[in-house]
Amino acid sequence: MSPRWRFQIGFSVFSSPAVADGTIYIGNVYALDAKTGTEQWRFQTGSSVPSSPSVADGTVYVGSDDGNVYAIEGEPPEPEASITFADQESDSTSVVIDQVDLSHGGYIEITDAEGTVRGQSTLLEAGTHETVEVTLSPVLEETSELTATVYLPTGEPYLGPDGEPVSATALITVVEPVQPTASITFDDQKSDGTTVVIQQVELSEGGYVEIADSNGVARGRTANLDVGTYENLKVALTPPLTETQQLTATVYRDLDAPYLEDGEPVSATALIIVRPDEKPPKKIRCQKKRAVKRTKREYKQAKKKFQKGQLSKKELKKKQGYYERAKREYEKYKNRCK
C-alpha cells in the first residue's frame, strides 16, 4: 500500500484533520482537496492550533493558542502585512523598525546583504506595531544595508501582491554610542572620622558615589542619585577613621560599573585630616610632588604628539588639565615635602 498524495505543511501537527464535503481541514489552518491534496486555501491564526478543526454548515471552527476561537466561512482572505524600515544610525547592537502591520501576527527577521540572519523580533500579535527594536547578533562592524522581512507565526513569509516576501531595506550607519559622563570634586578636608563631604558630583545617567580607602576597601557610599548635579553630599564612614589618611571617591553608574574617562574610573582622592594638628604623613605629602612631575612629563609628551598630528586638541587639553590640577594639589603641601 502506498500513499495517494502528500502535502508538506512545514511544521508539526498534533491534531487530527476534519473532513467535510470533499475538503480536509488541518493544522493552522489548511483546506486541502481530499482526492488530490491540492491546497484550496489557508488561514493563519496568531499562534499554533493544538485542537482539531470542527466543520458545521460550511463554517470551520478552530481554537488557537493566541486565546481566540475562529469561525472561518468560505475561503478566508490571504494574510497581509506592510513594513516601514527607514535609514537610521545605530550603535551596532540593534535596529528599529518604524512600523509593521500584521493581519495574522508574526515576527520580523533581519538579514544582511549576504542573506545571513542578524536578528529576529519577538512574536508580535496581529495589528499595528511601532518602533519595534530588534537586537543584532553578531553586531555590525561597519555601515551596512539590512533587510527586514515579515513572517507569519508558522515561519512562512507574508507575500505581497507581486508574490514576493513583504520586506524593506535600510542603510544602517554605525556610530559611536554616546558614553555616559560624570565629574566629581572631593577636596582635602577636616573630619571627626565619621563622615566626609563630596563637594560636587555630576552624573549623566544617575548612579552613586563610593568611598574607599588606600587598600580598596569600601568605607561608605551615597544613596542612589538621579541624573543631575549634587553639591555637599555627606557620606557616613564605616568603620570611622581613627587617623589622617587618603580616601578615594569613585562615581558608579550601577554595581561594578564605574563611569569612565579615558578608560579609567572617574574618581577623586582627598586627604581626610582627622586631627587638625596632625601633619599629613610624609608618604602622602610626597605623592603630590611625584604627581606633578608625572603629569608634567605626560603633558610635554602630548604636546609633541599634537605638533606631529598624532594627538587631537581635545586630548591635549585633557593632559594639560591633569597637570594643572596636580600643580594645585601640590601647592598645599610643597613646604612639607622637603
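In a fully extended conformation the segment linking residue 199 and residue 260 would gain 20.0 nm over its present Cα-Cα distance, using 0.36 nm per residue. Measuring r between the beta carbons of residue 96 and residue 307 and using R0 = 41 Å, the FRET efficiency lands at 0.40. Spacing of the modelled spin labels on residue 218 and residue 141, each 7 Å from Cα toward Cβ, amounts to 3.8 nm.
Under the simplified labelling scheme, the residue 51-residue 183 pair shows an inter-label distance of 6.7 nm, with each label point 7 Å from Cα along Cα→Cβ. On a 30 Å Cα-Cα criterion, which of the cross-link pairs 234/317; 234/300; 190/327; 234/313; 234/314 come out too long? Too far apart for the 30 Å limit: 234/317; 234/300; 234/313; 234/314. Quick one: helix 313-331 against the long Cα principal axis of the chain, what's the angle to the nearest 10°, folded into 0 to 90? That works out to roughly 40 degrees. Taking 91, 226, 21 in turn, the Gaussian network model of the chain (Cα-Cα springs below 10 Å) assigns the largest fluctuation to 21. Between 0 and 90 degrees, the angle of helix 282-307 with respect to the longest Cα principal axis of the chain falls at about 60 degrees. With the gyration tensor restricted to C-alpha atoms of segment 30-121, the semi-axes of the equivalent ellipsoid amount to 35, 15, 12 Å, longest first. Spin-label model, residue 36/residue 156: points 7 Å from Cα along the beta carbon direction are separated by 1.8 nm. Dimensions of segment 129-232 along the principal axes, based on C-alpha atoms and rounded to the nearest Å, stand at 80, 28, 27, largest first.
Taking the chain as a Gaussian network, where each spring joins two C-alpha atoms under 10 Å apart, which residue of 51, 312, 121 fluctuates the most? Top of the fluctuation ranking is 312.
Candidates (1) 0.94; (2) 0.99; (3) 1.27; which is the computed Rg/Rh (Cα atoms, Kirkwood Rh)? The value matching this structure is (3). Computed extension length for residue 164-residue 320: 50.1 nm, one decimal, from 0.36 nm per residue of separation with the Cα-Cα distance subtracted. Between segment 142-203 and segment 66-105, what is the separation of their alpha carbon centroids in Å? The distance from the Cα centre of segment 142-203 to that of segment 66-105 comes to 24 Å. Computed from the Kirkwood radius of its Cα pairs, the Stokes-Einstein diffusion coefficient for segment 1-71 at 4 °C and 1.567 mPa s stands at 103 µm²/s.
Ligands, DNA and RNA are left out, and with a 1.4 angstrom probe the accessible area of segment 117-275 is 55 Å² per residue.
The values are calculated or read from the model by the stated rules, or taken from the named source; none is laboratory data. Treat the numbers as computed from the prediction; the structure is a model and nothing was measured. Cβ atoms come from the backbone with ideal geometry, glycine included; neighbour counts cover every protein chain shown. Surface areas here come from the heavy atoms of the whole protein model, side chains and all, with no ligands, DNA or RNA. Shrake-Rupley method; radii C 1.70, N 1.55, O 1.52, S 1.80 Å.
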